[in-house]
Structures are given as structure tokens and as C-alpha cells.
Amino acid sequence: MHGMVGKQRRLAHILSPRTGRGFCVAFDHGLHLGTCPGTENPEEKLDLMVEARVDAVILSIGSMLRFGSRLLGRDAPSVILRLDHTTMWREGTSMAYRDGHTRLIGSVEDAVALGADAVITYLFVGHNDPELESRSFEHCATVNATARQAGIVHIIETMGARGGLIGDVFDPGIVAAHTRIGMELGADILKTDWPGSTDAMRAIAGSLPIPVLVAGGTSLGNDRDIVDYVGQVMAGGAAGILFGRNIIQAKDPLAVMKAARAIIHGGN
């Protein structure tokens, strides 16, 4: 019972209790890729998120330890702690593997100690090696069980494995399949790929009993296009966004964040 109340309170810090919507930013890229565009000055970006009234931000343990003091204000974003590392996003680089490998590197206990409201783990499906997919299931199940006991929100980021068996990881049927799997694993919130259209998103979101946040993917490169994309996501029935590069690599990140918040939350 205590865990249920705790989870409800933490969920209300990420998604509006009134509308069920949330404006969240992914800022854990350095954990998977090292320094990349948009991550060079973490303190500056986190200060902008506070000013834009972002609801929640994904951080690694290291970033939370070193920069978490930027998020102490009453209106500061809640923290979603990344508990796993993946090599999936190295595709096309000299450090890429045939398959992306994902492993747990943190715990729910770390999240509690650091004051996070949620934890997030990947669930990739369609690897060339089935052992990698089943390991991902095992990791998510382990985290979910501990998160339930601790009253921490568990976000599962479900995606098709890049370079694996799936030809088009954005195919609506594929997105529908792995989001359902994520829900069945016990996720409180899902983060997933955009399935290509508002109609496809509406069908997927409408079939699930839990909120869906959409990932931003690679940067669109144009701030107006990014804001339009947020509008499409919300028109498709998603609960909100969990964009990364399309926020931190924008030409004017603060303006994009304020516009995104206005679309998601209106004047509130």
C-alpha cells in the first residue's frame, strides 16, 4: 500500500495529475556516446530546463551526482535515473558492434538515494542474437520488481534493435508489438519510437492502459520542425514527449522547450 501511494505521488511529478500529460527531456547521451553535440555544458542545459519548466529529465548516476544541485528548486524537473547502458547508438561508428549490447549499471536503491522519482531501462526487441533480447527482458523484470517495492515509477523504453532482424524499426506494427510487451512487463510509463503518423500513434496509444511518451530520435535540425513534431505527437494521442537531441541540439533550446511546453500543457 505504501509503495502504491509513493508511486502515485512520484508519477504526479512527471505527468500532470489533471491531464495526464508530461514534457520530459532525455539528457543521458553522454553515458552511451561520450561527449556529443548539445552535451558539452550540462549545467547550462539543466538551467535552461529549469527555466522552461520541464517536467522531468533523464540523467545518468554520474550527472546526477555532479549536477543534481541545479535541480533543487520547487519548479525544477523531476529526475528519471537511467539504470542501464547500451552500445545500440554507436551504429555507423568505429565503436559499433554487430548487435547493440545493454546491461544494468545502476539500481533502484541508487534512485532512492539520489532523490529520483523514476527509473528508466531499455527493452530492445529483434536482435540478431536472441540472448541479447532475453537479457533485456530479465533486466526490465528485475528493475520492475524492485521499483514496485520501493514505490518508484518505472519507465520502459521499448524499441526495435537497430541493425537487427527488423527492417523498419518505425513500422507501426513493430511499435505496437513492443509497447504491448513493455506494458506486460509492468511499466508505469512507456517511451518509444514515433510510428510515422498521427493515425498510427493514436491506434497504439489508444490500445494501451498506460501513458506513452515519444522519443525524439535524431535532430531534425530546424527549430520550427521540432515544434511541429511535438504537435503531431500530441495530436496522435501520446501523453507527451521524452525528446533528447531535438531539444539539446536545437538552435534555440529555451525557445523550443517553451513552445513544446505550451503545446503539451497549454497555459499551465
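The values are calculated or read from the model by the stated rules, or taken from the named source; none is laboratory data. Because the structure is predicted, anything quoted here is derived from the model rather than measured. Cβ coordinates were reconstructed from backbone atoms using ideal geometry, including for glycine residues, and neighbour counts include every protein chain displayed. Heads up: the accessible areas ignore ligands, DNA and RNA and are worked out on the full protein's heavy atoms, side chains in. Shrake-Rupley method; radii C 1.70, N 1.55, O 1.52, S 1.80 Å.
Of everything in region 87-128 that is polar (S, T, N, Q) and outside any loop (DSSP other than H, G, I, E, B), the residue that is nearest to Gly182 (Cα to Cα) is Thr121. Assess whether Leu81 counts as being open to solvent by less than 20 Å² (accessible area, probe 1.4 Å), more than 29 Å from Gly231 (Cβ to Cβ), without any contact (Cβ under 8 Å) to a residue 40 or more places away in the chain and not hydroxyl-bearing (Ser, Thr, Tyr). Criteria met by Leu81.
Scanning region 38-67 for residues that are at pLDDT below 95 and either over 18 Å from Leu242 (Cα atoms) or out of contact with any helix residue (DSSP H, G or I) (no Cβ under 8 Å at 6 or more places or on another chain) (or both) gives Glu40, Asn41. Number of residues in region 235-263 that are aliphatic (A, V, I, L, M), in a helix (DSSP H, G or I) and farther than 15 Å from Lys191 by Cβ: the value is 10. Beta carbons closer than 7 Å, at least 6 apart along the sequence or on distinct chains, pair a first residue in region 219-244 that is on the phi > 0 side of the Ramachandran plot with a second that is among the charged types (D, E, K, R) for Gly237/Arg202; Gly240/Arg21. Taking region 92-129 as the range and being in contact (Cβ under 8 Å) with a residue 60 or more places away in the chain, surrounded by 15 or more Cβ atoms within 10 Å (Cβ to Cβ) and not hydrophobic (A, V, I, L, M, F, W, C) as the test, the residues that pass are Asp99, Gly100, Asp117.
The numbered conditions (1) out of contact with any helix residue (DSSP H, G or I) (no Cβ under 7 Å at 6 or more places or on another chain); (2) closer than 30 Å to Pro130 by Cα are all true for Ala262 except (2).
Quick one: in region 1-30, of everything that is hydrophobic (A, V, I, L, M, F, W, C) and free of Cβ contacts under 8 Å to residues at least 12 places away in the same chain, which residue is nearest to Ile210 (Cα to Cα)? Filtering first and then ranking leaves Ala12. For region 24-55, a residue qualifies if it is out of contact with any Ser or Thr (no Cβ under 7 Å at 6 or more places or on another chain), part of a helix (DSSP H, G or I) and either closer than 26 Å to Ala238 by Cα or not acidic (Asp, Glu) (or both), and the qualifying residues are Leu33, Lys45, Leu46, Leu48, Met49, Val50, Glu51, Ala52. Residue-level check: of (1) closer than 24 Å to Ile80 by Cβ; (2) part of a helix (DSSP H, G or I), Glu131 misses just (1). Taken together, the residues in region 196-225 that are open to solvent by less than 30 Å² (accessible area, probe 1.4 Å), at pLDDT 95 or above and within 14 Å of Ile241 (Cβ to Cβ) amount to 6.
Right, Leu33: surrounded by 13 or more Cβ atoms within 10 Å (Cβ to Cβ) and modelled with pLDDT of 95 or more or not?
Judged against the criteria, Leu33 is not a match.
Rundown of residues vs (1) of a type in the set (Phe, Trp, Tyr); (2) outside any loop (DSSP other than H, G, I, E, B); (3) over 20 Å from Ala12 (Cα atoms), yes/no style:
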{"residue": "Gly173", "(1), (2), (3)": "no, yes, yes"}
{"residue": "Leu208", "(1), (2), (3)": "no, no, no"}
{"residue": "Val214", "(1), (2), (3)": "no, yes, no"}
{"residue": "Thr218", "(1), (2), (3)": "no, no, yes"}
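Within region 130-146, residues that are under 14 Å from Met183 (Cα atoms) reach partners that are assigned to a helix (DSSP H, G or I) and among the small types (Gly, Ala, Ser) with beta carbons closer than 9 Å, at six or more positions or on different chains, in the pairs Cys140/Gly182. Residues of region 179-195 being crowded, with 24+ Cβ neighbours inside 10 Å and in a helix (DSSP H, G or I), which ones? Within region 179-195, Thr179, Gly182 qualify. Among the residues of region 135-163, count how many are charged (D, E, K, R) and either open to solvent by 40 Å² or more (accessible area, probe 1.4 Å) or at positive phi (or both). Final tally of qualifying residues: 3. Which residues, taken from region 164-178, are open to solvent by 40 Å² or more (accessible area, probe 1.4 Å) and touching a residue at least 40 places away in the same chain (Cβ under 8 Å)? If the condition is that a residue be open to solvent by 40 Å² or more (accessible area, probe 1.4 Å) and touching a residue at least 40 places away in the same chain (Cβ under 8 Å), then Ile174, Ala177 are the ones that fit.
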